[in-house]
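Each remark here refers to the structure printed beneath this line.
The values are calculated or read from the model by the stated rules, or taken from the named source; none is laboratory data. Nothing here was measured: the structure is a model prediction, and the numbers come from that model. Positions of Cβ are generated from backbone atoms using ideal geometry, with glycine treated the same way; all protein chains shown enter the neighbour counts.
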Ligand code: SF4
Ligand code: SF4
Ligand code: SF4
């Protein structure tokens with residue numbers, strides 16, 4: 001075992017391979033306050049990559065309702081239960097064990113293997129509410145709400161320290177130097193399923209038809225062309241932005257992902273305590289139960305929610321959120337000037353510009369020039 005630096009946990013962790021960060025790291029930020037569970041992302045991925053035989057229950061992107069939903073069934077509850085209670089220190093450092101540190105003797109990772117039935121209900125628990133039922137006419141005002149749920153879209157997190165890679169006895173899984181995307185070499189894989197067992201997020205999946213494992217490929221053919229992944233560019237709610245995240249200390253204020261994660265602290269990794277440094281980041285839902293959110297996103301949840309609620313006073317962050325979903329290209333740099341947000345490519349060429357505040361035009365009910373009355377239609 002080597003000691004590697006995990007900045008999500010504020011300490012070194014044990015990992016079977018030496019510390020090595022790729023030249024740059026693929027990452028997606030999701031604003032969970034805006035997801036409407038339309039599943040367009042799920043279908044965009046499915047129709048692009050997993051419409052073949054043996055992939056019927058394979059959703060590289062899925063959207064589940066928290067707290068009751070989970071695909072495969074209860075994936076997060078089961079691994080958290082196995083890990084047992086762990087604690088964070090007062091300064092946000094993790095005091096507990098990661099999955100690799102808690103591995104049983106002669107195993108690389110603490111794990112569980114979902115059954116076939118666990119994979120059969122991709123949308124179980126949809127819209128099920130925590131805290132009781134919501135009756136007609138009920139009004140929820142104070143935050144956080146006592147009745148709540150939220151939608152959690154998920155892809156492979158292309159972890160910095162992937163459990164799937166650590167567990168593969170064939171060394172068939174590798175992390176690309178150019179973008180940090182984690183791939184399974186389909187020629188080397190023999191379908192032992194160790195990656196399926198080891199990935200706590202259950203984002204490595206076994207294909208019973210081809211008898212090898214498959215997973216989200218980060219849409220690398222698009223990323224290589226400077227285009228964001230299918231599940232990102234097709235997002236109806238415009239809640240997602242893909243880019244490259246820098247380690248802390250190398251963060252750039254004009255990099256959208258760095259700005260949301262490092263500069264503003266708005267977006268957090270999920271289940272960081274598992275120890276893999278996952279590279280999908282979430283802006284937490286401000287209405288949901290705080291203890292639940294702390295378990296899922298770690299101790300910086302309150303700060304992230306505070307920063308989110310202060311956005312109306314922050315034109316730069318507001319402008320960046322307006323850029324999300326405005327282009328299919330990867331925005332490497334952004335700026336906000338005089339009420340307009342600009343996105344630029346790697347060479348600094350302008351990709352897109354959007355107004356931070358849309359102009360509101362009020363029209364008269366009667367247009368005397370056209371002699372036409374305008375009214376709302378039912
Ligand atoms: S989320 Fe799972 S499958 Fe994806 S890189 Fe991490 S451990 Fe591997
Ligand atoms: S990044 Fe690409 S392969 Fe991965 S879940 Fe999204 S659409 Fe699917
Ligand atoms: S397309 Fe966007 S809004 Fe719709 S479910 Fe997916 S992440 Fe949520």
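Numbers below:
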read-out: Checklist (1) without any contact (Cβ under 8 Å) to a residue 24 or more places away in the chain; (2) at positive phi applied to residue 127, failing item; value: (1)
read-out: Looking only at segment 246-290, and only at residues there that are over 19 Å from residue 179 (Cα atoms) and assigned to a strand (DSSP E or B), the one that is nearest to the chain's Cα centre (by Cα); value: 282
read-out: Residue 302 more than 25 Å from residue 25 (Cα to Cα) and touching a helix residue (DSSP H, G or I) at 6+ places or on another chain (Cβ under 9 Å); value: yes
read-out: Any hit, segment 225-242, residues being assigned to a loop (DSSP other than H, G, I, E, B) and within 16 Å of ligand 1 (Cβ to nearest atom); value: yes
read-out: Residue check for residue 55: crowded, with 20+ Cβ neighbours inside 10 Å and modelled with pLDDT of 95 or more; value: no
read-out: Residue within segment 208-227 that is without any contact (Cβ under 8 Å) to a residue 12 or more places away in the chain, more than 16 Å from ligand 2 (Cβ to nearest atom) and over 26 Å from residue 294 (Cβ atoms) present; value: no
read-out: Output for segment 202-217, where each listed residue is part of a loop (DSSP other than H, G, I, E, B), more than 16 Å from ligand 3 (Cβ to nearest atom) and in contact with a strand residue (DSSP E or B) (Cβ under 7 Å, 6 or more places away or on another chain); value: 217
read-out: So residue 304, is it more than 15 Å from the chain's Cα centre (by Cα), surrounded by 21 or more Cβ atoms within 10 Å (Cβ to Cβ), in a loop (DSSP other than H, G, I, E, B) and at pLDDT 95 or above; value: no
read-out: Failed item, numbered, when residue 363 is tested on (1) in contact (Cβ under 8 Å) with a residue 24 or more places away in the chain; (2) part of a loop (DSSP other than H, G, I, E, B); (3) over 17 Å from residue 228 (Cβ atoms); value: (1)
read-out: Single residue of 46, 34 found to be away from ligand 1 (no atom under 16 Å from the Cβ), surrounded by 15 or more Cβ atoms within 10 Å (Cβ to Cβ), at pLDDT 95 or above and under 22 Å from residue 284 (Cα atoms); value: 34
read-out: Qualifying residue in segment 134-151 (condition: within 16 Å of ligand 1 (Cβ to nearest atom) and buried (at least 19 other Cβ atoms within 10 Å of the Cβ)); value: no
read-out: Residue in segment 249-271 that is within 28 Å of residue 341 (Cα to Cα), within 16 Å of ligand 2 (Cβ to nearest atom) and in contact with a helix residue (DSSP H, G or I) (Cβ under 8 Å, 6 or more places away or on another chain) present; value: no
read-out: Some residue of segment 151-162 being away from ligand 2 (no atom under 15 Å from the Cβ), part of a loop (DSSP other than H, G, I, E, B) and farther than 19 Å from residue 75 by Cα; value: yes
read-out: Segment 172-192 - residue that is touching a residue at least 24 places away in the same chain (Cβ under 8 Å), in a loop (DSSP other than H, G, I, E, B) and under 24 Å from the mean Cα position of the chain (by Cα) and, of those, farthest from ligand 3 (Cβ to nearest atom); value: 177
read-out: Segment 230-242, subset crowded, with 24+ Cβ neighbours inside 10 Å and more than 10 Å from ligand 3 (Cβ to nearest atom), residue nearest to residue 36 (Cα to Cα); value: 241
read-out: Residue tally, condition within 14 Å of ligand 1 (Cβ to nearest atom) and buried (at least 18 other Cβ atoms within 10 Å of the Cβ), over segment 14-31; value: 5
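This table checks each residue for (1) without any contact (Cβ under 8 Å) to a residue 60 or more places away in the chain; (2) surrounded by 17 or more Cβ atoms within 10 Å (Cβ to Cβ); (3) within 30 Å of residue 240 (Cα to Cα).
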site: 330; (1), (2), (3): no, yes, yes
site: 337; (1), (2), (3): yes, no, yes
site: 345; (1), (2), (3): no, no, yes
site: 351; (1), (2), (3): yes, yes, yes
site: 356; (1), (2), (3): yes, yes, yes
site: 359; (1), (2), (3): yes, no, yes
site: 367; (1), (2), (3): yes, no, no
site: 370; (1), (2), (3): yes, no, no
site: 374; (1), (2), (3): yes, no, no
